[in-house]
Amino acid sequence: MPASYSTNMRLKFPLLAIALEVVIIVLYGIFITYDDGADSKLASENTTSVVHFYKIYPSFQDVHVMIFVGFGFLMTFLKRYGFSSVGFNLLIAAFGLQWGTLMQGWLHHLDDDRKIKINIFSLINADFSTATVLISFGAILGKTSPVQLLIMTLLEITIFAVNEHLVTGILRVKDVGASMTIHAFGAYFGLAVSRVLYRPGLKGGHENEGSVYHSDLFAMIGTLFLWMFWPSFNSAIVESPNGQYRAIINTYYSLAACVLTAYAFSSLVDKKGKLDMVHIQNATLAGGVAAGTSADMMIYPYGGLLIGFIAGIISTVGFKYLTPIFASKLNIHDTCGVHNLHGMPGIIGGLAGIIGAALASKNLYGNGLYLTFPEMKTRTAIEQAGYQAAGLGVTLAVALIGGIITGFILRIPFWGQPSDQNCFDDQIYWEVPDGENEHDELISSEPGRHKTNAEE
């Protein structure tokens, strides 16, 4: 192993990780405190807050599982990068939720004492902020060092929090399931980073950029966890009980329709009519992404089905045709295909939100109109739709610009990164059990293994 990689892990990574944690501890000591319901001095006066905490806690648990299990295992499809996929997912999420709590607190929740009071929604939103980085991580999976990942997490969550504040706070755009502010943002931020970090040496493919039978099976674990818990992701921060109810129902049916459509189109685009595990692992989840912005709107179950149907088609076709074009024509190497799972479905979700806002009325919502759209006390439905469109445009612009800037920062040689030869390989940063690589070589030589982008 080259000395530069050993130095990167032996010195730079632990020193950076410890320094970041020390800074966070100091900042938490200055700014972070308990919500009143968790403060022992105020406990007897805030029983309602405690009850509310336990009412929302199951949704938080579901989101937490999605972040640490779902996203982590979804990226284990690479045959020699499973340790890194799950391990770096944990690293990013653990650091990201701490930094996300601060960034969102500074922008949204500072009280008169300049303190950020932590409640159950703080925990959920902190997890949400890490999801953005984990989506971007998918675009550069296998091509970056742990040091680069920590730097990207720090920068991306900062930019994400500013964009979220601008879109949902200042423009007052509806995006409860974050199709725009998390999924589209994370995807296009990651694609911009990937373009700046583009490696000409990988244009012809890499021997380790593929899957084997058991790695695809592990990735399906992530798919199933994400699929099952996505209704909680889209409904967790909905404020009104009836809106949360609708968000669960709409997401549930969007996911179901997406699965059937993804299976159908996976078979349809294959010359032999076979199913592609890449499509099944990823495109089946696009319905959850696309349902996010309009999740609590009165789109009715058939609307959820329609959104999932469209998302399943777009995502599957994207994996089959767009990913190779991005790699060969645009020099954007998207390892996990986040453009197809999060980017385009996120835009579909944003467009659904525009239509949903434009159609909102007293006739459709009754007295619940202002619970779903508080902004419509001062805006017309068409005006709100215009703000929804502006929010989507701003999000895409901030993501691309922020990703480009972050990419150039990550290109600084000081951070260190694996050489082209050592990409997609756990051995660079992990102790790997003896014999594992020989076992993988034997399996990958058997017929039926997944093709790399170059082989496609």
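For the pair Thr380 and Leu15, what calculated FRET efficiency results from E = 1/(1 + (r/R0)^6), where r is the Cβ-Cβ distance and R0 = 60 Å, to the nearest 0.05?
The formula returns an efficiency of 0.60 here.
What is the Cα convex hull volume of region 372-434 when expressed per residue in Å³?
Here the figure is 184 Å³ per residue.
Determine how many Å³ per residue the convex hull of the Cα atoms of region 229-299 encloses.
70
Which helices pass in the chain if a helix is a full DSSP H run, must span at least 18 angstrom along its long axis by Cα, and must have mean Kyte-Doolittle hydropathy not below 0.0?
Sorted by number, the helices that extend far enough and score high enough are 13-31, 47-65, 82-104, 120-139, 146-164, 213-235, 241-268, 300-317, 344-359, 381-410.
Could you tell me the distance between the Cα centroids of region 99-175 and region 73-98, to the nearest Å?
With region 99-175 and region 73-98 each reduced to a Cα centre, they are spaced 18 Å.
Any idea of Trp415's accessible area? Nearest 10 Å², probe 1.4 Å.
50
When 1/r is averaged over all different Cα pairs and the result inverted, which Kirkwood radius in Å belongs to region 208-331?
Result for region 208-331 stands at 15.1 Å.
Each label point is 7 Å from the Cα along the Cα-to-Cβ direction; what then is the distance between the points at Asp39 and Ser267, in nm?
Inter-label distance under the simple model: 6.0 nm.
Starting from the alpha-carbon convex hull of region 243-396, give the projected area averaged over all orientations, in nm².
Result: 9.6 nm².
Which value in deg cm²/dmol, rounded to the nearest 500, describes the helix-derived mean residue ellipticity at 222 nm for the chain, given -39,500 (n - 2.57) per DSSP H run of n ≥ 4 and division by the residue count?
Calculated mean residue ellipticity at 222 nm is -19000 deg cm²/dmol.
Order these peptides, 74-84, 153-163, by their mean beta-carbon neighbour count within 10 angstrom, highest first.
Highest mean packing first, the order is 74-84, 153-163.
With a probe of 1.4 Å, find how much accessible area the chain has per residue, and write the answer as a whole number in Å².
Using a 1.4 Å probe on heavy atoms only, each residue of the chain averages 43 Å².
Any of Lys115/Lys362; Lys79/Lys329; Lys143/Lys329 with alpha carbons more than 28 Å apart? Name them for me.
Going by Cα-Cα distance, Lys115/Lys362 fall outside the 28 Å limit.
Rounded to a whole number, what % of the accessible area of the chain do carbon and sulfur atoms account for, probe 1.4 Å?
The value for the chain is 65 percent carbon and sulfur by accessible area.
Nearest 20 debye, what's the magnitude of the dipole of the chain about its Cα centre given +1 on Lys and Arg Cβ and -1 on Asp and Glu Cβ?
The dipole magnitude comes to about 1080 debye.
Got a sec? Which residues in region 176-204 would a label at Ile404 touch, if it sits 7 Å along Cα→Cβ and we count backbone N under 20 Å?
Of the residues in region 176-204, 184-200 have backbone N under 20 Å from the label point off Ile404.
The values are calculated or read from the model by the stated rules, or taken from the named source; none is laboratory data. Because the structure is a prediction, the values reported are computed rather than measured. Note that we place each Cβ from the backbone using ideal geometry, even for glycine, and neighbour counts take in every protein chain shown. Keep in mind that these areas ignore ligands, DNA and RNA; they rest on the heavy atoms of the full protein, side chains included. Shrake-Rupley method; radii C 1.70, N 1.55, O 1.52, S 1.80 Å.
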